[in-house]
1. Would you please give the residues with an amide H less than 5 Å from that of Ile66, counting only those at least 5 places away or on a separate chain, with H modeled from the backbone geometry?
2. When all protein chains stay in place, what accessible area (Å², nearest 10, 1.4 Å probe) is found for Asp84?
3. Only Lys, Arg, Asp and Glu count, each charged at its Cβ (+1, +1, -1, -1), so figure out the dipole size of the stretch 69-158 about its Cα centre, rounded to 20 debye.
4. Per residue of the stretch 21-37, what does 6.51 cos²θ - 1.76 cosθ + 1.60 with θ = phi - 60° give for ³J(HN,Hα)? Whole Hz please, x for Gly and Pro, Karplus curve as stated.
5. Taking trypsin sites (Lys or Arg not before Pro) as candidate sites, keep only those in a DSSP loop with at most 15 other Cβ atoms within 10 Å, then name the longest stretch of the chain containing none of them.
6. Given a 1.4 Å probe and heavy atoms of the protein chains only, how would you sort Tyr71, Tyr149, largest accessible area at the top?
7. What accessible area, in Å² to the nearest ten, does a 1.4 Å probe give for Glu36?
8. May I ask you to rank Trp103, Trp9, Trp24 by accessible area, largest first, using a 1.4 Å probe over the protein chains only?
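The values are calculated or read from the model by the stated rules, or taken from the named source; none is laboratory data. Model, not experiment: these values are computed from the prediction. Here Cβ is always computed from backbone atoms with ideal geometry, including for glycine, and neighbour counts include all displayed protein chains. Note: areas computed on protein heavy atoms with side chains; ligands, DNA, RNA excluded. Shrake-Rupley method; radii C 1.70, N 1.55, O 1.52, S 1.80 Å.
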Amino acid sequence: MRRTSFGDWPCSIARTADLLGDAWTLLVLRELFYGESRFDGFIGTLGIARNTLTDRLRRLEAEGLIERRAYQSEPVRHAYLLTDKGRDFFGVLAALSAWGDRWLAGDAGVPVVLRHTPCGHDTEARVVCSHCGEPLHHHDLTARTGPGYPDRLLADPVVRARFGTGRPLGDDGSERT
């Protein structure tokens with residue numbers, strides 16, 4: 001079955017999902033942040049098939065999120081380490097974790113708690129405005145096309161309706177009671 005590629009879509013969410021949108025890739029990245037770096041370690045913690053892990057590691061390396069470094073020569077074995085690009089993905093994982101903690105944790109409570117070492121408090125990810133620091137809520141935001149949006153699509157009535165209305169995100173334009 002052929003998978004649809006979203007890598008060329010004019011949308012950063014689609015492009016990111018194309019690259020990192022399967023569960024195994026996210027879990028490999030999670031394990032890297034938890035300190036795992038060796039192939040057999042990923043197998044042990046995730047229970048992932050070797051061929052699947054090989055595919056995910058190759059993709060992450062090819063896209064520049066991780067790099068391989070030999071740690072043993074006979075036989076050659078590699079550690080997989082996050083690059084700056086890979087480390088920059090942490091906020092996305094933290095946001096996924098915060099959403100899961102809120103909506104999927106269950107009666108037992110959250111499975112993993114993040115502690116902010118500098119202040120010594122437990123914390124969770126929050127998405128805030130880069131200008132004023134206030135929390136971002138979809139109903140307080142509108143979207144417009146940016147400089148990277150393809151010119152050939154700007155005349156499309158659907159695009160104009162989506163980005164030219166000034167409606168808050170998540171608002172379909174109908175009145176609600």
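1. It is Glu61, Thr83, by chain and number.
2. Estimated to the nearest 10 Å², Asp84 gives 110 Å².
3. The calculation lands at about 300 debye.
4. Calculated HN-Hα couplings, in order: x, 9, 4, 4, 4, 4, 6, 4, 4, 4, 5, 4, 5, 6, x, 6, 9 Hz.
5. The answer is 4-125.
6. Tyr71, Tyr149
7. 50 Å²
8. Trp103, Trp9, Trp24
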